[in-house]
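What follows is a short report on a single structure.
The values are calculated or read from the model by the stated rules, or taken from the named source; none is laboratory data. A quick note: this is a predicted structure, and the numbers were derived from the prediction, not measured. A quick note on method: Cβ atoms are made from the backbone with ideal geometry, for glycine too, and the neighbour counts reach across all protein chains shown. Note: accessible area is taken over every heavy atom of the protein model, side chains too, but ligands, DNA and RNA are not part of it. Shrake-Rupley method; radii C 1.70, N 1.55, O 1.52, S 1.80 Å.
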Amino acid sequence: MGKVILLGNPKDIDKDIDLCYTASEKISEQAVRLLIEDQIPFSKTLMRVPFFLKRKFKHTDYIYIINTNRNRYSQARQTIDRLEPSVKKRLVLSNY
């Protein structure tokens, strides 16, 4: 068997970063639909909000977090920017 050659820094492989989060499932589904249309890799997780942070997250029980590959962040951000303003204002976007 030959040697395996990895491109780039092996420590940076498979590192995802937060793209955005929201408390609304409907809003997260609209964002996911656009990411799928543009063929951008992402993952969506559901996180329970601890009691002491409920005030920060407007007294919601769960938030939906959408992550993307750090190399595709700018493309994902451009995709999210295409959402309608009424939908986009309900997303909290990261600033990478």
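Criterion first (among the aliphatic types (A, V, I, L, M) and closer than 18 Å to LYS15 by Cα) does ILE66 satisfy it? Considered against the rule, which asks whether it is among the aliphatic types (A, V, I, L, M) and closer than 18 Å to LYS15 by Cα, ILE66 comes out as yes. Within 13 Å of TYR21 (Cα to Cα), touching a residue at least 40 places away in the same chain (Cβ under 8 Å) and out of contact with any helix residue (DSSP H, G or I) (no Cβ under 7 Å at 6 or more places or on another chain), is that true of ILE80? For ILE80, the condition - within 13 Å of TYR21 (Cα to Cα), touching a residue at least 40 places away in the same chain (Cβ under 8 Å) and out of contact with any helix residue (DSSP H, G or I) (no Cβ under 7 Å at 6 or more places or on another chain) - is not met. Could you tell me whether any residue of the stretch 47-60 is outside any helix (DSSP H, G or I) and under 15 Å from the mean Cα position of the chain (by Cα)? Yes, the stretch 47-60 contains at least one residue that is outside any helix (DSSP H, G or I) and under 15 Å from the mean Cα position of the chain (by Cα). Here the stretch 36-45 is the region considered, the condition is being open to solvent by 100 Å² or more (accessible area, probe 1.4 Å) and outside any loop (DSSP other than H, G, I, E, B), and the residue that is nearest to LEU19 (Cα to Cα) is ILE36. For the stretch 82-92, the criterion of being modelled with pLDDT of 90 or more, in a strand (DSSP E or B) and of a type outside the set (S, T, N, Q) is satisfied by at least one residue. Determine if the stretch 21-35 includes at least one residue that is in a strand (DSSP E or B) and surrounded by 17 or more Cβ atoms within 10 Å (Cβ to Cβ). There is at least one residue in the stretch 21-35 that is in a strand (DSSP E or B) and surrounded by 17 or more Cβ atoms within 10 Å (Cβ to Cβ).
Determine whether TYR73 is surrounded by 16 or more Cβ atoms within 10 Å (Cβ to Cβ), touching a residue at least 24 places away in the same chain (Cβ under 8 Å) and touching a helix residue (DSSP H, G or I) at 6+ places or on another chain (Cβ under 7 Å). Criteria not met by TYR73.
For the residues THR60, THR68, THR79, the requirement of being hydroxyl-bearing (Ser, Thr, Tyr) and at pLDDT below 90 singles out THR60.
With respect to the conditions (1) open to solvent by 80 Å² or more (accessible area, probe 1.4 Å); (2) in contact with a Lys or Arg (Cβ under 8 Å, 6 or more places away or on another chain); (3) of a type in the set (S, T, N, Q), GLN78 lacks only one, and its number is (2). The residues of the stretch 83-96 that are touching a residue at least 60 places away in the same chain (Cβ under 8 Å) and not β-branched (Val, Ile, Thr), listed by number, are ARG90, LEU91, LEU93, SER94, TYR96.
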